[in-house]
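Quick note: the coordinates plus some simple rules give every number you see, no bench work behind them. Because the structure is predicted, anything quoted here is derived from the model rather than measured.
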């Protein structure tokens, strides 16, 4: 029993170290990507719609966002990176500043962030 507790205790630190260790680089800019190119407009809209539904179900955004269809998806330059920006419009939201939700994805389809400003 003592060996089991010792093993579990040590594995806790080893696992934490592995998860929390510093990043490593595979590209000149310090990024890490297994990208195989840009996903299509249709693919990013599907991913963004799923993410909006997930955020609504989790209570992070209002539940009325669930099943709202994407208004548009465009590629936009942010500093050195080109990203997908997908806009969703929801007229059920009272605050006009929060009626448009923007989701940001990398060109290869990884979720980055969401906000109401589009910036």
* Hey, got the Cα dimensions of segment 35-77 along the principal axes, in Å, largest first? -> 32, 21, 19
* Could you give me the percent of Cα pairs per 5 Å distance bin for segment 41-115, shortest bin first, beginning at zero and ending with the bin that holds the maximum distance? => 3, 17, 30, 25, 15, 8, 2, 0
